[in-house]
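Chemist: Can you read through this structure? Questions will come right after.
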Amino acid sequence: MNTTADAVSREAVHLTELDSEIGDADHGINMQRGFTAVRAALESDPPDTPGAVLVLAGRQLISTVGGASGPLYGTLLRRAGKMLGDGTEVSRERLTEALRAGVAAVAQLGGAKAGDKTMLDALEPAVKALGTSFAAAREAAEQGATATVPMVARKGRASYLGERSAGHQDPGATSSALLIAALARAAADGGSGETP
Amino acid sequence: MKMLINVPETVVADGLRGLAAAHPELRVDVENRVVVRADAPVAGKVALVSGGGSGHEPLHAGFVGPGMLSGACPGEVFTSPVPDQMVRAAAAVDSGAGVLFVVKNYTGDVLNFDMAAELAEDEGIQIAKVLVNDDVAVTDSLYTAGRRGTGATLFVEKIAGAAAEEGAPLERVESIAREVNARSRSFGVALTAVTTPAKGSPTFDLPAGELELGIGIHGEPGRERRAMMTSREIADFTVDAVLEDLKPSSPVLLLVNGMGATPLLELYGFNAEVHRVLGERGVPVARTLVGNHVTSLDMAGCSVSICAMDEDLLRLWDAPVRTPALRWGR
């Protein structure tokens, strides 16, 4: 989570720039506020299990981010955390299942699907590739985010632009790719490459 | 870009402190970003709570008071408030008669208010919701997020607020709110792009000789760009865009709204043109409100909202209201 917070902090301006082209120029600052709160909550009351870390982080995002990103990312992490349960060790396979459930919850909440130019365009391929390796998941998420450039947005604020939303990379898919990359980096730092 | 601020991070809190200083008839919780009328909860009265991103002032906190909203939740600039704020506001204003959430159709507002409704109901507060989606600039289809909620939010808050003040039960207040939304349409035009405090430069590039048609209230670009037009031409375009979708068979309520940086002199001149077009199209105007009511920070431009009225709705519109930004009748 700290790796994620660092990544979000580093990329906040970039995310806001992307958002100003087809949205309302606040995605970076909102995500930064959310993950700053996540970091503080984890430091003040560190949970015992990876599942509990994700649930706590998700709740913090819902309480601090606002916009669509708060409920969507909050739901992603909360659902995944609940799926992980009480285990103190988490295998890549188990994490894949948990994230798959989280991504499904996001799709249901937002009423979106892959191809709508949203965070799902990065998350869905990433979860699929996570079955192979963390590195593959990172690559799939990045490709997924890039693939949103020519798409016409059908959900979220960019959808109000209709055809004019094409030609811009989706900020939500971009921040999702950041999160997956941070996860992969944390897994690599963890040594085995098999624990998040 | 020069702004009358300290730092971008405290813009919302600073504004709320100033609102509190000017309006002792409001209870302003700066830390938790909740504004309620000071006499809340009012025994037996249905409460109305609305909210959305900051930057649209006076919407929504400026419309808190007798005859309109019971409470408002200002989010960060152009960002939906979070569920915690809405639950806190609902708890502060609920007298037991229930709370109506007035929600503008933006993905973030909808998701956060949905979560808040669940949490508030867990606390035993009866919640109803109305979704405002009046903006004809957005194609409403299965393949978009649907029409945005813009100027008609004011109509819904005023008219449903008057019904609640009269003692109507939650179900009735909710159905009036839905009725007002169903009878309302809006269309907006930007002459300049908006500059948010966090970004510090215009959110999109709009050259001097051009205007943007079909904009929303969050600095997002519109659907079309043209060479700059006269007030008369803009009135023709916007009114026709609205009337293409709504054919009123009764006198209308008209809001000629400024987006924040267009002076009243220009807005009144534009209002004259809007009245001219409506007259030419055979649409009588029952009431007109002109001013900066649903704004987009420092954006220059305007929007036109109309609502097809009936006698009861007109009576509720005329009912007394006493809020920082809208007051008449007492």
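Chemist: What residue, among those in the stretch B:132-143 that are in a loop (DSSP other than H, G, I, E, B) and surrounded by 20 or more Cβ atoms within 10 Å (Cβ to Cβ), is nearest to the other protein chains (Cβ to nearest Cβ)?
Modeler: Step one: list which residues in the stretch B:132-143 are in a loop (DSSP other than H, G, I, E, B), which gives B:133-134, B:136-143.
Narrowing further to those that are surrounded by 20 or more Cβ atoms within 10 Å (Cβ to Cβ): B:133-134, B:136-138.
Numbers: B:N133: 12, B:D134: 13, B:V136: 12, B:A137: 8, B:V138: 5 Å.
If we take residues in the stretch B:132-143 being in a loop (DSSP other than H, G, I, E, B) and surrounded by 20 or more Cβ atoms within 10 Å (Cβ to Cβ), then B:V138 is nearest to the other protein chains (Cβ to nearest Cβ).
Chemist: Looking at the stretch B:50-91 only, could you name the residues that are closer than 16 Å to B:A117 by Cβ and acidic (D, E)?
Modeler: Answer for the stretch B:50-91, where residues must be closer than 16 Å to B:A117 by Cβ and acidic (D, E): just B:D84.
Chemist: May I pose another question? Could you please let me know if A:G87 is farther than 23 Å from B:K199 by Cα, in a loop (DSSP other than H, G, I, E, B) and in contact (Cβ under 8 Å) with a residue 12 or more places away in the chain?
Modeler: yes
Chemist: Report whether or not A:R94 is part of a helix (DSSP H, G or I), among the charged types (D, E, K, R), under 24 Å from B:R88 (Cβ atoms) and more than 9 Å from chain B (Cβ to nearest Cβ).
Modeler: For A:R94, the condition - part of a helix (DSSP H, G or I), among the charged types (D, E, K, R), under 24 Å from B:R88 (Cβ atoms) and more than 9 Å from chain B (Cβ to nearest Cβ) - is not met.
Chemist: Go through (1) at pLDDT 95 or above; (2) open to solvent by 10 Å² or more (accessible area, probe 1.4 Å); (3) of a type in the set (S, T, N, Q) one by one and return the number of the condition B:T107 breaks.
Modeler: It fails just one condition, (1).
Chemist: Same structure again: Residue by residue through the stretch B:57-107, note down the ones that are without any contact (Cβ under 8 Å) to a residue 60 or more places away in the chain and at positive phi.
Modeler: The one that is without any contact (Cβ under 8 Å) to a residue 60 or more places away in the chain and at positive phi: B:G96.
Chemist: Further question on the same structure: From the list A:A135, A:A186, A:A153, which one is crowded, with 16+ Cβ neighbours inside 10 Å and either assigned to a helix (DSSP H, G or I) or away from every other protein chain (no Cβ under 14 Å) (or both)?
Modeler: On the way: A:A135 fails: crowded, with 16+ Cβ neighbours inside 10 Å; A:A153 fails: either assigned to a helix (DSSP H, G or I) or away from every other protein chain (no Cβ under 14 Å) (or both).
None of the other options fit; the residue is A:A186.
Chemist: Out of B:E220, B:E212, B:E224, report the one residue that is open to solvent by less than 10 Å² (accessible area, probe 1.4 Å), modelled with pLDDT under 90, in contact with a Gly (Cβ under 8 Å, 6 or more places away or on another chain) and of a type in the set (D, E, K, R).
Modeler: B:E220
Chemist: While we're here: Output the number of the condition that B:V156 fails; it satisfies all remaining conditions of (1) within 23 Å of B:L289 (Cβ to Cβ); (2) open to solvent by less than 30 Å² (accessible area, probe 1.4 Å); (3) within 14 Å of another protein chain (Cβ to nearest Cβ).
Modeler: It is condition (3) that B:V156 fails.
Chemist: (1) within 14 Å of chain B (Cβ to nearest Cβ); (2) farther than 28 Å from B:C73 by Cβ: which one isn't true of A:G87, the others all being true?
Modeler: (1)
Chemist: More than 14 Å from every other protein chain (Cβ to nearest Cβ), under 30 Å from B:G44 (Cα atoms), open to solvent by 50 Å² or more (accessible area, probe 1.4 Å) and not hydrophobic (A, V, I, L, M, F, W, C), is that true of B:S184?
Modeler: Criteria not met by B:S184.
Chemist: Of the conditions (1) within 14 Å of another protein chain (Cβ to nearest Cβ); (2) over 28 Å from B:V130 (Cα atoms); (3) touching a residue at least 24 places away in the same chain (Cβ under 8 Å), B:G216 fails just one. Which one is it?
Modeler: Here B:G216 meets the rest and fails (2).
Chemist: Then there's this: Which is among the polar types (S, T, N, Q), without any contact (Cβ under 8 Å) to a residue 12 or more places away in the chain and away from every other protein chain (no Cβ under 14 Å), of B:T238, B:T230, B:T262?
Modeler: B:T230
Chemist: Starting from residues that are farther than 24 Å from A:A37 by Cα, of a type outside the set (S, T, N, Q) and in a helix (DSSP H, G or I), keep the ones in the stretch A:102-119 and report whichever is most open to solvent (accessible area, probe 1.4 Å).
Modeler: A:A104
The values are calculated or read from the model by the stated rules, or taken from the named source; none is laboratory data. Computed from a prediction, not measured in an experiment: that's the story for all the values here. Heads up, the Cβs are rebuilt from the backbone with ideal geometry, glycines too, and the neighbour counts pull from every protein chain shown. Each accessible area value is taken on the protein alone, full model and side chains, heavy atoms only, with ligands, DNA and RNA left out. Shrake-Rupley method; radii C 1.70, N 1.55, O 1.52, S 1.80 Å.
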